[in-house]
Amino acid sequence: MRLGFALLPAALLTAILAAGCASTTDGGLGNTLPAHAVAGDFNSIAVTDIHCNDRTEACAKSHAVKGDACLRLAIEQPQSASAQDAKMRHLLDCAETGYRKALALQPQKSARSRVSYHGGLLLTLSERRNRLDDVKEQKLDRENEKLLIAAQDARREVPSSALGFLYGASAHVYRATLAPQGHARCNDLRQAESLLKRSPPPPSALVEEQRRISSLVQRQLRSNGCPRIRRM
């Protein structure tokens, strides 16, 4: 179910990984992991077992590096590749696990790196949802709900980042399309509109994406006959 309002992976990957997570230290794994990262050998990173599970910055970054590699490889798969394909499913599972572990092991809630960890997780969940073809609506809704929850977590932990707001808006629009056309879609569309208005300025790579989603929300509000909000 490839929908036109899904945020573009290439632009998001550029924005999320701009800080260069791949150049970080390896949390006691020796020099192998960062060396592969610097060389762009993401296939080697994706199959590396990471046994570091201490609540330290270094361990968190190690898992994030692997998550980055698996996400890059997933996005590079042909557009026809479904999340149900074994290779794609493995890469997305690998990326999700890496980012979730990075968030769990990062000892400082205010650490700047948490922005990229949340961003990587959001992009991974979005990519999985967007690559689900010919599946039951219940599964689409379940995957979209995971994205909604992750976006809420991102807004709570890193409110200065636009990513939680943009992904939240995207997920609400997606959920609206799963409802019957008409007023049943209005609540989610209004939620999306609110998130976009409250969002901090996005990274430059995502400015056009923000505008595109905002324009889509306004068109959907009109086409579904959503009543105007009356200010008291």
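The values are calculated or read from the model by the stated rules, or taken from the named source; none is laboratory data. Source: prediction; values computed, not measured. Ideal geometry is used to build each Cβ from the backbone, glycine not excepted, and the neighbour counts take in all protein chains shown.
Structure data summary
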{"read-out": "Search result, residues across the stretch 191-213 that are surrounded by fewer than 17 Cβ atoms within 10 Å (Cβ to Cβ) and assigned to a helix (DSSP H, G or I)", "value": "SER194, LYS197, ARG198, SER204, ALA205, VAL207, GLU208, ARG211, ARG212"}
{"read-out": "Some residue of the stretch 99-113 being in contact (Cβ under 8 Å) with a residue 60 or more places away in the chain, within 17 Å of ALA46 (Cβ to Cβ), among the aliphatic types (A, V, I, L, M) and touching a Phe, Trp or Tyr at 6+ places or on another chain (Cβ under 9 Å)", "value": "no"}
{"read-out": "Residue within the stretch 140-154 that is among the hydrophobic types (A, V, I, L, M, F, W, C), within 24 Å of PRO78 (Cβ to Cβ) and more than 14 Å from the chain's Cα centre (by Cα) present", "value": "yes"}
{"read-out": "Flag for ALA81 being small (Gly, Ala, Ser) and in a helix (DSSP H, G or I)", "value": "no"}
{"read-out": "Meets criteria (closer than 30 Å to PRO180 by Cα and buried (at least 16 other Cβ atoms within 10 Å of the Cβ)) for LEU71", "value": "no"}
{"read-out": "Flag if ARG156 is modelled with pLDDT of 95 or more, exposed (fewer than 14 other Cβ atoms within 10 Å of the Cβ), assigned to a helix (DSSP H, G or I) and not hydroxyl-bearing (Ser, Thr, Tyr)", "value": "yes"}
{"read-out": "Output for the stretch 97-141, where each listed residue is acidic (Asp, Glu) and either surrounded by fewer than 22 Cβ atoms within 10 Å (Cβ to Cβ) or not in a helix (DSSP H, G or I) (or both)", "value": "ASP133, ASP134, GLU137, ASP141"}
